[in-house]
1. What number of residues within the range 28-38 satisfy the criterion of being over 12 Å from residue 60 (Cα atoms) and surrounded by 12 or more Cβ atoms within 10 Å (Cβ to Cβ)?
2. Can you tell me how many residues in the range 16-42 are assigned to a strand (DSSP E or B) and not β-branched (Val, Ile, Thr)?
3. Give the number of residues within the range 43-54 that are exposed (fewer than 13 other Cβ atoms within 10 Å of the Cβ) and either in a loop (DSSP other than H, G, I, E, B) or not hydrophobic (A, V, I, L, M, F, W, C) (or both).
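Please treat every number below as a calculation from the coordinates, not as lab data. All values reported here derive from a predicted model rather than from experimental measurement. FYI the Cβ positions are ideal-geometry reconstructions off the backbone, even for glycines, and counts take in every protein chain you see.
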Amino acid sequence: MKKIVVVLVIFCAASVWAVDLRNEDSRRYEVKIHSGGTTHTSIESGTTQMSVCSDCEIEVVGVGSVKASGSETVVIKDGALEKR
């Protein structure tokens, strides 16, 4: 039982220190997440992808890229990237 509690605490702590990606634009974007390797994904308009990485570079195709880590949120807004 103690092992389960420890695993849950570690998982919750890791989630708190993970980068989120939010799309506030009205269109879908292709996304590349560079963290050791490259993950290809997309994000729909008006959605948020939680815990995409803990320390990485997020590249939004046709928009640009930004390095993010910890509990930062990368936001796509008006065709540009910003960190919050």
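1. Residues of the range 28-38 that are over 12 Å from residue 60 (Cα atoms), as a first pass: 35-38.
Still in the list and also surrounded by 12 or more Cβ atoms within 10 Å (Cβ to Cβ): 35.
Final tally of qualifying residues: 1.
2. Filtering the range 16-42 for residues assigned to a strand (DSSP E or B) gives 19-23, 29-35, 37-42.
Within this subset, residues satisfying the condition of being not β-branched (Val, Ile, Thr) are 20-23, 29-30, 32, 34-35, 37, 40, 42.
Count: 12.
3. 4
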